[in-house]
Structure formats: C-alpha cells, structure tokens
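**Q** Structure below; questions to follow.
The values are calculated or read from the model by the stated rules, or taken from the named source; none is laboratory data. Computed from a predicted model, the values in this text were never measured in an experiment. Heads up, the Cβs are rebuilt from the backbone with ideal geometry, glycines too, and the neighbour counts pull from every protein chain shown. Just so you know, the surface numbers come from the protein's heavy atoms only, side chains and all, with ligands and any DNA or RNA stripped out. Shrake-Rupley method; radii C 1.70, N 1.55, O 1.52, S 1.80 Å.
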Amino acid sequence: WDNADFSRGIGTTFYQEFSTLNTAKPPFVRDVEAKIRRYMRSSYSAAWTLKITWEKAPAYAARTDTQRTNTYQAVLTTDGFRSYVLMLYEEGGMRWDYTRLAATNALIGYT
C-alpha cells in the first residue's frame with residue numbers, strides 16, 4: 001500500500017472492522033477463517049478481523065498518471081495468539097507503471 005497518492009481526489013480508502021469475540025460471525029469472517037484453515041492447515045477461529053480496501057488508488061505522484069489505478073485489500077485477523085494477513089489484488093495485478101515510481105524496488109506483497 002506504499003506510494004498511493006489520493007491528493008487529486010481520485011480513489012478512496014475505507015475499512016471495516018469485525019469484532020467477533022462472543023458474537024455471531026458474518027459470512028466474510030467465516031470465509032477468512034476457511035482460507036486460513038485451508039492454506040495454513042491449522043484450526044483457526046477469528047476473534048477480530050479488519051478489512052482495508054484501497055479502491056482505484058493512483059500511484060504517487062498522481063499528477064503524472066491518474067488512469068492506471070489499483071484496487072487492493074489487506075485483511076488482518078487474529079485469534080488473540082496468532083495473526084494473519086491476506087493480501088488481495090484486483091484481477092490483472094499491479095496496474096501502476098512501476099518504471100515511473102519514485103522507488104525502483106517495487107514489489108507486491110509484504111515481508
């Protein structure tokens with residue numbers, strides 16, 4: 001989520017928090033739990049989940065290219081002991097022209 005530039009009024013960022021400790025879990029949280037169980041091969045029951053969405057985010061500096069935007073999400077979740085992050089990208093992957101970014105070592109994901 002680095003180098004997004006919303007200064008020209010293009011794109012938006014929003015979030016939704018799911019506190020599911022001692023409450024019924026919405027379908028979104030059940031889907032996150034299922035993905036973690038499947039990919040991590042472990043039991044998992046979320047106590048808290050946060051979904052952050054960057055929609056039609058232009059790259060920095062937005063004054064140079066407002067046509068190539070990216071939509072992506074980060075889903076953070078924890079059971080109180082273990083925490084996970086799911087990174088979700090719009091089909092087609094990175095649409096920014098990475099050759100024009102200020103940083104030349106751009107990558108998708110996290111470390």
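**Q** How many residues does segment 1-10 contain that are outside any loop (DSSP other than H, G, I, E, B) and either surrounded by fewer than 11 Cβ atoms within 10 Å (Cβ to Cβ) or at pLDDT 85 or above (or both)? Step through it out loud before you land on a result.
**A** First, the residues of segment 1-10 that are outside any loop (DSSP other than H, G, I, E, B): 4.
From what's left, either surrounded by fewer than 11 Cβ atoms within 10 Å (Cβ to Cβ) or at pLDDT 85 or above (or both): none.
Summing the residues that are outside any loop (DSSP other than H, G, I, E, B) and either surrounded by fewer than 11 Cβ atoms within 10 Å (Cβ to Cβ) or at pLDDT 85 or above (or both) in segment 1-10 gives 0.
**Q** Out of the residues in segment 11-53 meeting the condition of being in a loop (DSSP other than H, G, I, E, B) and among the hydrophobic types (A, V, I, L, M, F, W, C), tell me which one is surrounded by the fewest Cβ atoms within 10 Å (Cβ to Cβ).
**A** ALA24
**Q** List the pairs whose first member sits in segment 18-35 and is modelled with pLDDT under 85, whose second member is open to solvent by 50 Å² or more (accessible area, probe 1.4 Å) and in a strand (DSSP E or B), and whose Cβ atoms are under 8 Å apart, counting only residues at least 6 apart or on separate chains?
**A** SER19/TRP48; THR20/TRP48; LEU21/TRP48
**Q** Could you tell me whether segment 81-93 includes any residue that is assigned to a loop (DSSP other than H, G, I, E, B), modelled with pLDDT of 85 or more and open to solvent by 30 Å² or more (accessible area, probe 1.4 Å)? Break it down into steps so the answer makes sense when it comes.
**A** The initial filter retains those residues of segment 81-93 that are assigned to a loop (DSSP other than H, G, I, E, B), namely 81-82, 90-93.
Next cut, modelled with pLDDT of 85 or more only: 81-82.
Restricting the remaining residues to those that are open to solvent by 30 Å² or more (accessible area, probe 1.4 Å) gives 81-82.
Yes: one or more hits.
**Q** Another question about this same structure. Would you confirm, using the coordinates I've provided, whether THR64 is at pLDDT below 90, open to solvent by less than 90 Å² (accessible area, probe 1.4 Å) and touching a Pro at 6+ places or on another chain (Cβ under 7 Å)? Before the answer, list the steps.
**A** Values: at pLDDT below 90: yes; open to solvent by less than 90 Å² (accessible area, probe 1.4 Å): yes; touching a Pro at 6+ places or on another chain (Cβ under 7 Å): no.
It is false that THR64 is at pLDDT below 90, open to solvent by less than 90 Å² (accessible area, probe 1.4 Å) and touching a Pro at 6+ places or on another chain (Cβ under 7 Å).
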